Every structure is written in C-alpha cells, then in structure tokens.
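Asks: Sharing a structure below in structure tokens format, with a few things to ask.
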Amino acid sequence: LTVSFKLTNILTGEVIFSESKTYVQPIKVMSSEIGQTATDQKIITQYQNNMLILVQQLVESTKAKLKLSEIKTTIIDRWKSYLILDKGFDQGIGKNDELSSSEGDLIRIVHADRDYAVAIPIMLYGNTKEFSKMTSNVRQSIRKPKALVMDIIRFGDEPKELVEQIFSDATGDNAPFTLVPVNRRYSALAQSISEETKLAQAEDINRRELPDFFIRLYVTPTIGYEQKVGQLTQQQFVYSDVMAEMIDSSGRVIHVAHASNEIKDIISDGMGFSLENQKEVALKNALIKLAETFKKDLKFTRTDLKVSKSDNQIISIQDQGKQLNLGLKINIYNSQTISGKQVLIPTWEATVISRDGNEVTAQLDAPIGKSDNISVKSGDIIQVDTQENAIDSNLSRSMCAFLATEQSGEIQFKPFTIMTYYGFAKYSKYPFYATGVDLEKGRSLKDNIQYMTENAGFKKQLNLKLFEPKTCIQPVFKVNVQPNSLICDANDKNCRATLDVTTGVRLFNENQQKIGTQGIKQEINLKGFSMQNHKETYLLQLLNDLPPLLQQIAQKADSTQ
C-alpha cells in the first residue's frame with residue numbers, strides 16, 4: 001500500500017510540501033481459501049491496518065521534515081505599476097512567488113535578485129506595504145530553474161502518481177533545478193473553500209505561470225519470469241527500464257537520461273515476493289537510479305544578452321554564444337536605478353522566431369506590466385538559463401505527427417518508438433524537439449501541457465508558441481526469428497536462436513515528403529534460455545542491443561543532413 005499527501009497553498013495552488021510512504025505486509029493463505037468470505041475479510045482488515053500504520057508514519061515524517069516559515073518583505077519603492085521589494089532570493093523570495101498581506105492584498109513576483117524583488121499587483125485594495133509568504137523550501141532552491149513533471153508515459157498499469165513521487169523524492173534538494181509539484185484537484189479545493197470562507201473568488205484563482213522546464217518520464221514494460229531450477233526452487237528474473245527527458249519552453253529536448261534495474265532471486269517453495277511484487281521493486285529501484293543519473297550531468301548557466309535593435313513588435317538580439325534556440329520564451333528587462341539600487345524590471349514576454357548567424361530575432365508577445373506602455377529599446381537585457389549551446393535550430397528534428405511507427409515481423413516491441421526518440425535526443429548533434437505527437441495518447445506537447453496543468457492553479461491561456469522543426473522522423477522496425485535457428489533440448493531448455501533485426505528511420509520535410517532513409521540490419525544470437533520464457537528473452541535482448549544501433553542511425557542521419 002502506498003499513501004501520498006500534498007500540502008497546498010490554497011491562494012496560489014503551489015504545493016509547498018509533498019510526502020509518500022509505502023508499506024508491504026504479506027498475507028499467507030492456503031490456495032483453497034482464496035475467494036472465501038473469511039479470506040476477503042482478512043485482506044480488508046490487513047488493508048485497514050496498513051492504512052493506519054502509513055498515516056501514522058506520514059504524520060511522524062511530516063512533523064520531522066516540514067519546516068514552515070514565514071518570510072516577510074516590504075515595498076520600498078514603485079516604478080510605474082511595478083512594486084520594488086526589499087528582499088530577494090537570498091532571503092527566500094523567488095520568481096512566480098505570490099505574497100499576501102494581512103488585509104487580503106496579493107502580489108506576484110516577476111523577477112528576483114539576491115537582495116531585491118520586483119512584483120506586480122494581483123489584488124491591491126489599499127496602500128499596504130508589508131507582504132509575506134509561507135514556505136517550506138530551502139533557500140538555495142529559490143534561485144534554481146523550476147521544472148514540472150509534465151507526464152509519465154508507460155505501457156502497463158503502473159500508477160502515474162507513484163512513479164512521479166518516487167522520481168521526485170529521489171531527485172531531492174541537491175538537483176540543479178527545483179521540481180514543481182502539482183495538485184490537480186486544486187481548482188475544486190479552491191472553489192470549495194471560497195464558498196465556505198469567502199477567502200478567494202473564482203476569478204482570483206488559476207493565475208500561476210508555467211515553470212521554466214518540463215520533465216517527461218518513460219516506463220517501458222517491466223519484464224519478469226520464473227523458471228524452475230530444482231524440485232522446490234525457482235529463479236525469478238525481473239528487469240525494469242526507464243527514461244527521462246527535460247524540455248525547455250520552446251519544446252526542445254535539452255537533456256535525457258536512462259536507467260535500469262535487474263533482479264535475480266532464488267525462492268524456495270513459493271516463500272518470497274511474488275513476481276508482481278518484484279516488478280514493483282525493480283521499477284522503484286530503476287526510478288531512483290534514473291533520478292540520480294538525470295541530475296548528475298545537468299548544469300545550467302545564466303547568461304545576460306542585450307537587445308541590439310527594436311522595430312515595433314520585432315527585436316534583434318546579439319547571441320554569439322548561441323544560447324537562444326528557436327521557439328524559446330524569454331523576458332525583456334529594463335534597467336533602472338531605484339532607491340539607489342540598480343534594478344532589472346521585466347517589461348515584455350517574447351519568443352525567439354529566427355536566427356541569422358549570431359543575430360536572433362524575437363517577437364514581443366505580451367507586456368508583463370499590463371497597465372504600462374513600455375517600449376523595448378536597444379540595450380535592454382535578456383536573462384536566460386541554458387544547459388548547452390543552441391546549435392542552429394533550422395537543422396532540428398522531431399517525431400512525425402502524421403505518421404505512426406512502422407513495425408512488422410514476428411516480434412512486436414512496444415518500446416521501440418520511445419527508444420528511437422531517446423536515441424536521436426541523446427546522440428544527434430542537431431537539436432531534437434518534443435513537439436511531435438505524444439507517444440502514448442496522441443496529444444501534441446502543447447495540448448499535453450495544457451491538460452497536465454489544468455485545475456492546478458495555472459493560467460487557462462498558457463500562450464505556448466512551441467517551435468515546429470522542418471524535418472521529422474518515422475521509426476521503422478522489423479524483427480524475425482531466423483528460419484530453423486530456434487533449437488532447444490528435449491525438455492525445451494537450453495535453447496538458442498538468431499534474431500534478424502532491421503531498424504531505422506525515414507526522414508520527411510515540412511511538406512510531408514520523404515527526403516531520406518537510414519537503417520541497419522543486424523543478427524542477434526541468443527542462447528541458454530528456456531522455451532517457456534522465449535518471448536521475455538527476446539524483449540530483454542532487444543532492450544540491451546538496440547541503443548547502440550540507434551546511436552549509429554542518429555549519427556548516420558546527421559552525416560547526410
């Protein structure tokens with residue numbers, strides 16, 4: 001049994017504390033007793049006992065871990081409709097924080113530096129100067145880029161909430177980013193509390209801005225089987241394979257990671273975890289390893305760039321370091337001296353739309369201070385957190401939205417599409433975008449983000465302008481057992497076989513015309529397996545042997561573009 005709970009700021013929808021506990025308590029019954037009333041009651045009683053134990057554990061854990069504190073700040077000046085506060089991220093105030101006053105006023109932070117912050121009013125009824133927020137965050141996490149686990153794509157019935165919770169817990173506070181937990185029941189909770197307390201009106205909720213980055217997790221089918229090794233003993237074999245990607249506001253995949261976990265266990269006379277239990281253990285172990293791998297090589301660099309030219313709604317930016325990729329959402333800052341302090345005021349949201357060498361063109365989307373009429377001028381500043389340089393996005397790719405993976409042959413291998421996606425995102429020297437169709441549900445990335453953030457306090461109109469590459473790929477896959485190659489001993493043990501594998505991609509342009517094909521044919525030899533578990537053996541071998549083949553295909557595709 002696994003129980004999770006989330007402590008949510010009802011004014012903003014921000015989850016300020018999240019905790020999860022799992023408890024395993026086997027019940028031993030005779031096979032003849034299964035389905036009997038007494039057995040069912042025994043299971044119900046054990047479930048109730050487990051629930052009580054978990055709730056007690058959650059309470060004790062929360063008492064030990066939850067350190068709520070109130071951070072207070074004061075308005076020291078105003079510039080147009082902006083409010084300048086006397087504290088910044090060194091004191092625990094971060095971008096997109098919402099602060100309230102004792103009179104019910106509400107403001108949102110649109111920029112934070114070490115010792116100051118800039119806010120805009122949401123509900124400002126009087127001349128309140130003192131604002132505060134409740135937080136459980138450690139202060140070093142305030143200045144980190146924010147990331148939202150946007151989706152979990154899986155082929156089995158693994159609970160998405162559990163997968164997310166395990167990955168989030170394992171990511172921890174020492175990651176180079178801060179995870180943004182989401183309570184998707186927030187809107188209903190806020191509406192209910194509004195009706196009971198008049199604390200907030202319906203039009204005051206759903207104001208949260210999207211985070212800087214999105215994370216998507218992939219859980220491939222967990223492989224598990226048992227085979228006899230003696231009269232009273234069996235060997236269990238379980239293998240779990242998981243992947244993760246980080247996507248920026250343009251839809252570009254900026255980081256990917258992969259992890260797996262293998263369990264080999266000898267059990268006697270059924271005295272051990274069931275195969276299903278072992279699959280869950282393997283998945284949890286793989287997710288913990290994935291979190292560690294994912295954050296290890298991820299490093300963000302903050303870069304300041306300047307506007308070189310402004311013409312109506314179009315601006316030019318000099319970007320010699322190639323930090324800005326097409327479709328990236330950026331903020332424009334105006335530098336002002338306020339109360340003797342150099343202050344950056346975010347004035348406009350913009351989207352990068354083209355690049356010509358080192359000159360980037362961006363389109364102004366919307367003013368941040370809604371009541372102000374501030375024009376962008378040469379010398380205005382852009383701040384951007386990047387993980388790596390943005391190689392020319394005109395040579396980028398995505399998955400084809402208009403074509404499904406073509407898979408034929410005797411052996412169907414569901415993870416192939418995801419593995420091809422991962423191979424190009426990791427090994428291609430050109431940018432790869434997640435803006436094709438969702439690999440599980442058929443939704444676009446934009447629709448998926450909209451779906452995952454609705455009812456969680458985020459804006460209804462997210463104003464996403466994701467970049468669509470001109471080139472897309474269609475995975476192609478075929479696996480057959482080579483004729484007459486499958487040979488076993490008299491007991492269908494100690495088998496061997498040869499798989500003929502053809503794997504590759506077709507490349508299409510923006511007019512949906514095929515412009516190229518890359519592929520590899522490979523023989524894979526297997527031996528020492530039982531015929532009873534031949535399907536699982538084939539799948540496991542493909543999981544291990546396909547990644548280097550897909551790396552070669554991505555590199556061959558690069559060499560011909």
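Asks: Looking only at segment 263-297, filter to residues that are more than 24 Å from the chain's Cα centre (by Cα) and modelled with pLDDT of 85 or more; which one of those is surrounded by the fewest Cβ atoms within 10 Å (Cβ to Cβ)? Please lay out each step first, then the result.
Replies: Going through segment 263-297, the residues more than 24 Å from the chain's Cα centre (by Cα) turn out to be 263-278.
Narrowing the set further to residues that are modelled with pLDDT of 85 or more leaves 263-264, 278.
On the way: ILE263: 16, LYS264: 9, GLN278: 21.
So, considering only residues that are more than 24 Å from the chain's Cα centre (by Cα) and modelled with pLDDT of 85 or more, the one surrounded by the fewest Cβ atoms within 10 Å (Cβ to Cβ) is LYS264.
Asks: If the requirement is being farther than 18 Å from SER4 by Cα and either in contact (Cβ under 8 Å) with a residue 60 or more places away in the chain or open to solvent by less than 80 Å² (accessible area, probe 1.4 Å) (or both), which of these qualifies: GLN46, GLN36, GLN41? Steps first, please.
Replies: Values: GLN36 fails: either in contact (Cβ under 8 Å) with a residue 60 or more places away in the chain or open to solvent by less than 80 Å² (accessible area, probe 1.4 Å) (or both); GLN41 fails: either in contact (Cβ under 8 Å) with a residue 60 or more places away in the chain or open to solvent by less than 80 Å² (accessible area, probe 1.4 Å) (or both).
That would be GLN46, the only listed residue that is farther than 18 Å from SER4 by Cα and either in contact (Cβ under 8 Å) with a residue 60 or more places away in the chain or open to solvent by less than 80 Å² (accessible area, probe 1.4 Å) (or both).
Asks: For the condition at pLDDT below 85 and farther than 30 Å from ILE166 by Cβ, what is the one hit in GLN227, GLN231? Break it down stepwise before answering.
Replies: Numbers: GLN227 fails: farther than 30 Å from ILE166 by Cβ.
None of the others qualify; the one that does is GLN231.
Asks: Scanning segment 334-364 for residues that are over 28 Å from LEU85 (Cα atoms) and small (Gly, Ala, Ser), which turns out least open to solvent (accessible area, probe 1.4 Å)?
Replies: Top of the filtered list is ALA362.
Asks: While we're here: Checking MET134 against (1) assigned to a strand (DSSP E or B); (2) at pLDDT below 85; (3) under 22 Å from PRO346 (Cβ atoms), which test does it fail?
Replies: (3)
Asks: Take residues that are modelled with pLDDT of 90 or more and more than 28 Å from the chain's Cα centre (by Cα) and tell me which of the strands (runs of 3 or more DSSP E) falling wholly in segment 45-125 contain 3 or more.
Replies: 69-79, 82-85, 117-123
Asks: Looking only at residues that are of a type in the set (Gly, Ala, Ser) and outside any helix (DSSP H, G or I) in segment 2-44, which one is modelled with the highest pLDDT?
Replies: In the first step, residues of segment 2-44 are kept if they are of a type in the set (Gly, Ala, Ser); the result is 4, 13, 18, 20, 31-32, 35, 38.
From what is left, the residues that are outside any helix (DSSP H, G or I) are 4, 13, 18, 20, 35.
Numbers: SER4: 80, GLY13: 72, SER18: 80, SER20: 80, GLY35: 87.
Step by step, filter segment 2-44, then rank; the result is GLY35.
Asks: Restricting the search to segment 487-502, which residues are open to solvent by 50 Å² or more (accessible area, probe 1.4 Å) and either in contact with a His (Cβ under 8 Å, 6 or more places away or on another chain) or assigned to a strand (DSSP E or B) (or both)?
Replies: Applying the first criterion (open to solvent by 50 Å² or more (accessible area, probe 1.4 Å)) to segment 487-502 yields 487, 489-494, 496, 500, 502.
Listed by number, the residues that qualify are ILE487, ARG496, ASP500, THR502.
Residues checked against (1) at pLDDT below 85; (2) under 28 Å from ASN331 (Cα atoms); (3) in a strand (DSSP E or B); (4) touching a Phe, Trp or Tyr at 6+ places or on another chain (Cβ under 9 Å):
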{"site": "SER194", "(1), (2), (3), (4)": "yes, no, no, no"}
{"site": "GLU203", "(1), (2), (3), (4)": "yes, yes, no, no"}
{"site": "ASN206", "(1), (2), (3), (4)": "yes, yes, no, yes"}
{"site": "PHE214", "(1), (2), (3), (4)": "no, yes, yes, no"}
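Asks: Among the residues of segment 164-179, which ones are of a type in the set (A, V, I, L, M, F, W, C) and surrounded by fewer than 22 Cβ atoms within 10 Å (Cβ to Cβ)? Steps first, answer last, please.
Replies: From segment 164-179, those of a type in the set (A, V, I, L, M, F, W, C) are 166-167, 170, 175, 177, 179; that's our starting set.
Residues satisfying the conditions are ALA170, ALA175.
Asks: Ok, one more. Out of GLY156, GLY94, which single residue is among the small types (Gly, Ala, Ser) and open to solvent by 30 Å² or more (accessible area, probe 1.4 Å)?
Replies: Numbers: GLY94 fails: open to solvent by 30 Å² or more (accessible area, probe 1.4 Å).
Just one listed residue meets the conditions, GLY156.
Asks: Let me ask another. Taking segment 367-412 only, how many residues are touching a His at 6+ places or on another chain (Cβ under 8 Å) and at pLDDT 85 or above? Walk me through it before giving the result.
Replies: Let us first name the residues in segment 367-412 that are touching a His at 6+ places or on another chain (Cβ under 8 Å), namely 387.
Still in the running and at pLDDT 85 or above: none.
Going through segment 367-412 one residue at a time, the tally reaches 0.
Asks: Which condition number in (1) crowded, with 19+ Cβ neighbours inside 10 Å; (2) at pLDDT below 90 is the one that VAL479 fails?
Replies: Here VAL479 clears every test but (2).
Asks: Then there is this: From the list GLU98, GLU70, GLU103, which one is farther than 21 Å from ILE338 by Cα, out of contact with any strand residue (DSSP E or B) (no Cβ under 9 Å at 6 or more places or on another chain) and of a type in the set (D, E, K, R)? It would help to see each step written out before you state the result.
Replies: Details: GLU98 fails: out of contact with any strand residue (DSSP E or B) (no Cβ under 9 Å at 6 or more places or on another chain); GLU70 fails: out of contact with any strand residue (DSSP E or B) (no Cβ under 9 Å at 6 or more places or on another chain).
Exactly one residue qualifies, and that residue is GLU103.
Asks: Looking for whichever is open to solvent by less than 10 Å² (accessible area, probe 1.4 Å), under 30 Å from PRO181 (Cα atoms) and charged (D, E, K, R) here; the options are ASP212, ASP241. Which one fits?
Replies: Values: ASP212 fails: open to solvent by less than 10 Å² (accessible area, probe 1.4 Å).
Unique residue meeting the criteria: ASP241.
Asks: What are the residues in segment 452-472 that are over 19 Å from GLU98 (Cβ atoms) and free of Cβ contacts under 8 Å to residues at least 12 places away in the same chain, if any?
Replies: Selection gives nothing.
Asks: Here's a check for you: in segment 512-561, which residue that is of a type in the set (S, T, N, Q) and closer than 29 Å to ASP492 by Cβ is surrounded by the fewest Cβ atoms within 10 Å (Cβ to Cβ)?
Replies: Restricting attention to segment 512-561, the residues satisfying the condition of being of a type in the set (S, T, N, Q) are 512-513, 517-518, 522, 525, 530, 532-533, 537, 541, 544, 551-552, 555, 559-561.
Going one step further and asking which of them are closer than 29 Å to ASP492 by Cβ, we end up with 522, 525, 530, 532-533, 537, 541, 544.
Numbers: GLN522: 15, ASN525: 11, SER530: 18, GLN532: 15, ASN533: 17, THR537: 21, GLN541: 17, ASN544: 13.
Residue satisfying both the conditions and the ranking: ASN525.
Asks: While we're on this one: So how many residues does segment 68-96 have that are acidic (Asp, Glu) and free of Cβ contacts under 8 Å to residues at least 60 places away in the same chain? Outline the logic, then answer.
Replies: Step one: of segment 68-96, the residues acidic (Asp, Glu) are 70, 77, 86, 90.
Narrowing further to those that are free of Cβ contacts under 8 Å to residues at least 60 places away in the same chain: 86, 90.
Count: 2.
Residues checked against (1) open to solvent by 70 Å² or more (accessible area, probe 1.4 Å); (2) of a type in the set (Ser, Thr, Tyr); (3) within 27 Å of PHE177 (Cβ to Cβ); (4) in contact (Cβ under 8 Å) with a residue 40 or more places away in the chain:
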| site | (1), (2), (3), (4) |
| --- | --- |
| SER4 | no, yes, yes, yes |
| THR8 | no, yes, yes, yes |
| GLU14 | no, no, yes, yes |
| SER18 | no, yes, yes, yes |
| LYS21 | no, no, yes, yes |
| ASN50 | no, no, no, yes |
| LEU66 | no, no, yes, yes |
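The values are calculated or read from the model by the stated rules, or taken from the named source; none is laboratory data. Bear in mind that the values here come from a model prediction, so they are computed numbers and not experimental data. Note: ideal-geometry Cβ built from the backbone for every residue, glycine included; neighbour counts use all protein chains shown. When the accessible area is computed, the model is the full protein with side chains, heavy atoms only, and any ligands, DNA or RNA have been set aside. Shrake-Rupley method; radii C 1.70, N 1.55, O 1.52, S 1.80 Å.
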